[in-house]
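Here is the structure we will look at.
The values are calculated or read from the model by the stated rules, or taken from the named source; none is laboratory data. Everything quoted here is computed from the prediction, not taken from an experiment. Every residue, glycine among them, receives a Cβ derived from its backbone with ideal geometry; neighbour counts consider all protein chains shown. We work out accessible area using only protein heavy atoms, side chains counted, and drop any ligands, DNA or RNA first. Shrake-Rupley method; radii C 1.70, N 1.55, O 1.52, S 1.80 Å.
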Amino acid sequence: MTAQRSWVPPWPLDISATVGHLRRGSGDPAFVYGRDGSVWRAVHTPDGPGTLTVDFDGTTVIGRAWGAGAAWLLDQMPDFLGAQDDPSALEPCDPVVERLVRQSEGLRIGRTDRVWEALVPAILEQKVVGTEAWRAWRYLLRRYGERAPGPVPDTMRVPPPQPTWARIPSWEWHRSGIEPVRMRTIRGATSMDVERHPDHLRLLRGVGRWTEAETRARAVGDADVVNVGDYHIPSLVGQALIGEPVDDDGMLELLEPYAGQRQRIIRMIELHGPRPQRRGPRMSVRDYRDF
């Protein structure tokens, strides 16, 4: 049975800009774009598996959901699309940020309220290129995630609940292409109720500032958290704000005037900032299945 909800956002909304960062590569089994521009997302909610699809005609958001988690997904949908966000809290201090604000009018910092489903892929992406991490995410969801409820493509899967990740055998991690360090980090993280303690993620072994930032930005809509340790973001921020790449310390200095809204600045730069020329070596894609 299909559950449905209509919602009229009281401000401009760009759905792709708001939720696109949740997709883990073009083949993500838990996040799909429909040919009509709709968003399809499979989630393991507190009530069980569910699928949410969101359509927006420029005025009204139509959400439809299936599965045991349908009611939870529809109730949470406005927050997913940024209802708790306050872009007006950002006060531009220079023309560059003023331009970014104009270009990003429909961007909201939404929240999924599913910490575990943001934490696992963030750990998978630690110190590797996205292609490598997304390959593992696809494998593990197809192997251990259940088919998403509703009229969805056969390839869509609901991410496994937290206890399931602790039971994945080591040979399956190897087949996914994940090395033992990240496997142990995810297994160790299953010891914490991360949904109740999103402010204590760095107590987990192997979870540092970067992983915490990647998780909090998606799960709890943290508009200020900074992706310290990222391979690309400091360069993007520096190129956008002063015309040259910087390191983590330089990025923090540039963003300091926007304390409280630093993640918003980063998101706007990722969407609309200039791309620095690649001069250094690129990270290579590794495949631990061959080791």
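Residue-wise test of (1) of a type in the set (Ser, Thr, Tyr); (2) under 29 Å from Ala136 (Cα atoms).
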| site | (1), (2) |
| --- | --- |
| Val61 | no, no |
| Ala65 | no, yes |
| Gln76 | no, yes |
| Pro92 | no, no |
| Arg99 | no, no |
| Ser104 | yes, no |
| Arg111 | no, yes |
| Ala122 | no, yes |
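Can you work out which of the residues in the stretch 54-88 that are of a type in the set (S, T, N, Q) and in a helix (DSSP H, G or I) is farthest from Val152 (Cα to Cα)? Let's see the steps before the verdict.
Step one: of the stretch 54-88, the residues of a type in the set (S, T, N, Q) are 59-60, 76, 84, 88.
Cutting the leftovers down to in a helix (DSSP H, G or I) gives us 76, 88.
Numbers: Gln76: 20, Ser88: 37 Å.
In this case the residue turns out to be Ser88.
Picking from Thr51, Thr131, which residue would you name as being at pLDDT 95 or above and either over 26 Å from Ser191 (Cα atoms) or outside any helix (DSSP H, G or I) (or both)?
Working: Thr131 fails: at pLDDT 95 or above.
Answer to the selection: Thr51.
Taking Val220, is it on the phi < 0 side of the Ramachandran plot, touching a residue at least 40 places away in the same chain (Cβ under 8 Å), in contact with a helix residue (DSSP H, G or I) (Cβ under 6 Å, 6 or more places away or on another chain) and open to solvent by 20 Å² or more (accessible area, probe 1.4 Å)? Working first, answer last.
On the way: on the phi < 0 side of the Ramachandran plot: yes; touching a residue at least 40 places away in the same chain (Cβ under 8 Å): yes; in contact with a helix residue (DSSP H, G or I) (Cβ under 6 Å, 6 or more places away or on another chain): yes; open to solvent by 20 Å² or more (accessible area, probe 1.4 Å): yes.
Here the answer is yes, as Val220 does meet what is asked.
Can you tell me which residue among Gly82, Gly69, Gly150, Gly177 is in contact with a Lys or Arg (Cβ under 6 Å, 6 or more places away or on another chain), over 28 Å from Ala259 (Cα atoms) and small (Gly, Ala, Ser)? Full working, then the answer.
Numbers: Gly82 fails: over 28 Å from Ala259 (Cα atoms); Gly69 fails: in contact with a Lys or Arg (Cβ under 6 Å, 6 or more places away or on another chain); Gly150 fails: in contact with a Lys or Arg (Cβ under 6 Å, 6 or more places away or on another chain).
Checking each option against the conditions leaves just Gly177.
Just the residues that are within 17 Å of Val128 (Cβ to Cβ) and either free of Cβ contacts under 8 Å to residues at least 12 places away in the same chain or among the acidic types (Asp, Glu) (or both), please, taken from the stretch 174-201. Talk me through it step by step, then tell me what you get.
As a first pass, look at the stretch 174-201 and keep what is within 17 Å of Val128 (Cβ to Cβ): 174-186.
Selection gives Glu179, Pro180.
Only one of Ala223, Ala217 is touching a Lys or Arg at 6+ places or on another chain (Cβ under 6 Å) and over 12 Å from Gln126 (Cα atoms); which? I'd like the intermediate steps shown before the answer.
Values: Ala217 fails: touching a Lys or Arg at 6+ places or on another chain (Cβ under 6 Å).
On inspection, the qualifying residue turns out to be Ala223.
Sort out which residues of the stretch 233-291 are at pLDDT 95 or above, part of a helix (DSSP H, G or I) and charged (D, E, K, R), and write them in order of number.
Matches in the stretch 233-291: Asp248, Asp249, Glu253, Glu256, Arg262, Arg264, Arg267, Glu270.
Among the residues of the stretch 217-232, count how many are part of a loop (DSSP other than H, G, I, E, B) and closer than 30 Å to Met77 by Cβ. If you could, list the steps in order and put the result at the bottom.
Taking the stretch 217-232 first, the residues part of a loop (DSSP other than H, G, I, E, B) are 220-232.
Among the residues that remain, those that are also closer than 30 Å to Met77 by Cβ are: 220-227, 230.
Residues in the stretch 217-232 being part of a loop (DSSP other than H, G, I, E, B) and closer than 30 Å to Met77 by Cβ: 9 in total.
Among the residues of the stretch 236-253, what is the count of those that are farther than 21 Å from Ala17 by Cα and buried (at least 18 other Cβ atoms within 10 Å of the Cβ)? Steps first, please.
Of all residues in the stretch 236-253, those farther than 21 Å from Ala17 by Cα come to 238, 242-253.
Imposing the further condition that a residue be buried (at least 18 other Cβ atoms within 10 Å of the Cβ) reduces the set to 238, 245-246, 251.
Matching residues across the stretch 236-253 total 4.
Counting only residues that are surrounded by fewer than 23 Cβ atoms within 10 Å (Cβ to Cβ), of a type outside the set (Phe, Trp, Tyr) and farther than 30 Å from Glu132 by Cα, how many does the stretch 24-75 have?
Looking only at that region, the number is 13.
Considering only residues that are open to solvent by less than 70 Å² (accessible area, probe 1.4 Å), among the polar types (S, T, N, Q) and farther than 18 Å from Asp47 by Cβ, which ones fall in the stretch 143-188?
Correct list: Ser170, Ser176, Thr185.
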